[in-house]
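To start, the structure under review is shown below, and the notes come after it.
Readers should treat all values here as calculations from the given coordinates under stated rules, not as data from a laboratory. Note that the coordinates shown come from a computational prediction; the quantities given were computed from them, not determined experimentally. When we count neighbours, we look across all protein chains shown, and the Cβ atoms used for this are built from the backbone with ideal geometry, even at glycine.
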Amino acid sequence: MTQRASDSVLPQQPLGPSPDILFVDDELPVLRAMKRLARHKTWNIHCASCAEEGLQILAETPMTVVVSDMRMPGMDGAEFLTRVRKLQPNSERVLMTGYADVQALEKVVNDAKIFNFLPKPWDDKVLMSVISNAIHVQQSERERERLEQLTTDQNRRLGKIALSLNGRVKEKDIEVTQALSLLEIEHKRAQNRTTDLLKAISHLLSLSGKGDGFGGFVVDTVVAIAEALDMPKGQIEQLRLAGLLHNIGSLALSDCWRYSVISSLQGAEQKRHQAQLETAESVISGMAELANVGEIMAKHKEHLNGTGYPRGLLAKDIPLAARILCVVTEYVLLHEGRRVIGVRGYHSAKEYLEQNVGEYYDVRVTTALFDVVGEDTLIEESTILTKGRRELKPGMVLAEDIRSIHNALLLLRSGTVLSQGHINKLRRYEFSTGDQIGIRVYRGMSAKRV
């Protein structure tokens with residue numbers, strides 16, 4: 001069972017051959033859920049309902065990543081991934097299971113050399129991140145091999161040239177040429193390492209729960225808008241890095257900010273929130289090669305009419321890259337209900353942005369935004385719904401901690417599988433305190449076990 005995941009408006013994978021991903025699970029609802037998660041990725045998706053079917057697919061198609069359930073009828077996931085390693089040693093292998101069998105996990109780690117292990121029920125973001133990282137590892141390995149072969153070929157050619165030349169001057173010329181070639185390769189490797197480090201920082205920031213939580217969406221969207229507005233490639237790259245790091249200043253904020261609506265912040269709390277931009281600028285601008293990136297980050301909350309922060313700049317002093325980052329990050333916060341009280345979701349966010357075009361937001365950027373995002377663009381990334389207590393059902397999985405209305409008391413932790421007992425306790429808490437708690441659960445997810 002094979003499908004080609006449809007091209008997303010905002011591709012998240014680097015250009016090149018589409019990776020082949022194989023999902024193996026004896027539960028068809030699980031396979032369908034995984035296919036839905038990958039529908040916006042530029043991946044070739046293959047599905048198998050048992051290990052034997054998976055081996056048949058592997059015999060015909062080289063896989064980039066193989067994701068397998070542990071407990072299946074007949075051949076289990078450990079034996080299957082061990083055979084995958086022998087058949088396609090260059091593939092990355094991921095195991096999923098709802099059972100914490102330490103000895104079995106140790107065996108599959110040693111025998112199958114798995115890339116990662118994920119528990120059931122899984123977190124959509126974590127699953128997509130693990131697969132994306134596995135694909136990136138494969139791409140990085142191929143690039144490393146290509147560069148090593150390039151270096152070997154260049155060294156071989158330079159060696160033959162050296163043998164044909166006479167005199168110390170010609171020999172020196174060859175040495176210089178060879179050194180420059182190797183320096184160019186090392187420079188590219190250094191650039192790749194820097195980019196990988198910045199991606200890792202962005203991912204850790206997302207996992208911390210601070211910032212807006214949609215780093216991947218922000219990066220892809222600002223790049224798409226910049227390309228639509230014909231920005232130079234160098235400026236687009238600077239904007240991409242600013243998108244990766246735009247939330248870095250939020251690491252200096254307290255954890256309770258993730259539950260706050262920005263327009264409701266006042267006094268010292270508001271000043272601390274706004275100061276994160278200056279914190280980010282001071283950190284990033286300390287690296288000379290990222291000075292322009294720091295400027296974009298520092299100005300991306302400025303408004304055209306001078307009412308933004310931290311400096312209250314007017315339109316003439318706000319570069320296009322900062323205007324783009326402003327509109328995209330504002331859209332995310334509005335969509336998630338964290339920018340203005342009463343504004344949440346695609347339509348409300350779109351209406352708010354369009355009402356403030358010319359005053360706060362650049363009209364060309366705002367128009368370009370809604371050319372590349374649609375009503376369900378953020379649904380695949382967040383897969384989170386906000387529920388009232390009356391809508392909760394046993395088996396739903398919490399997407400965020402549930403706290404008392406003033407964040408003073410932790411009631412239930414993120415990842416908790418709700419039981420009827422939990423729901424009854426929340427009902428009693430709301431009745432006794434008068435608090436109306438906002439509860440966020442994963443879209444379409446209930447507890448699954450192998």
Amide H neighbours of ILE439 under 5 Å, counting only residues 5+ apart in sequence or on other chains, H built in-plane at 1.01 Å? LYS387
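For a footprinting-style exposure proxy, rank ILE423, ILE114, ILE341 by other Cβ within 10 Å, fewest first.
On the way: ILE423 16, ILE114 22, ILE341 11.
Going from least to most buried by this count: ILE341, ILE423, ILE114.
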Length gained, GLU278-GLN266, 0.36 nm per residue minus C-alpha separation, equals 2.5 nm
Using 0.36 nm per residue, how much length does the chain from LEU229 to GLU351 gain when fully extended, once their Cα-Cα distance is taken away? 41.7 nm
Each label point is 7 Å from the Cα along the Cα-to-Cβ direction; what then is the distance between the points at ALA315 and PHE431, in nm? 5.7 nm
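Going down the table (LYS271/LYS299; LYS233/LYS271; LYS41/LYS120; LYS233/LYS316; LYS35/LYS120; LYS125/LYS233), which pairs top 25 Å between alpha carbons?
Going by Cα-Cα distance, LYS233/LYS271; LYS125/LYS233 fall outside the 25 Å limit.
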In nm, what is the difference between 0.36 nm times the number of residues separating ARG364 and GLU52 and their Cα-Cα distance? 106.9 nm
Net charge of Cβ neighbours under 14 Å - reference HIS303; Lys, Arg +1; Asp, Glu -1: +1
Karplus (6.51, -1.76, 1.60) ³J(HN,Hα), θ = phi - 60°, over the range 135-144, in Hz, Gly and Pro reported as x: 4, 5, 4, 4, 5, 5, 5, 5, 5, 4
In the neighbourhood of ASP111 defined by beta carbon distances under 11 Å, the net charge of the other residues (Lys, Arg +1; Asp, Glu -1) is +4
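By count of other Cβ within 10 Å, fewest leading, how are SER419, SER18, SER91 ordered? Don't jump to the answer; show the numbers that get you there.
Numbers: SER419 13, SER18 16, SER91 20.
Neighbour counts put them in this order, fewest first: SER419, SER18, SER91.
Compute the signed sum of charges (Lys and Arg +1, Asp and Glu -1) over the other residues within less than 13 Å, Cβ to Cβ, of SER49.
Residues near SER49 contribute -4 overall.
So, R0 is 56 Å and r is the distance between the beta-carbons of GLU289 and THR61; what FRET efficiency does that work out to, to 0.05? Present the calculation step by step, with values, prior to reporting the outcome.
Details: r = 41 Å, r/R0 = 0.74.
Given R0 = 56 Å and the Cβ-Cβ separation, E is 0.85.
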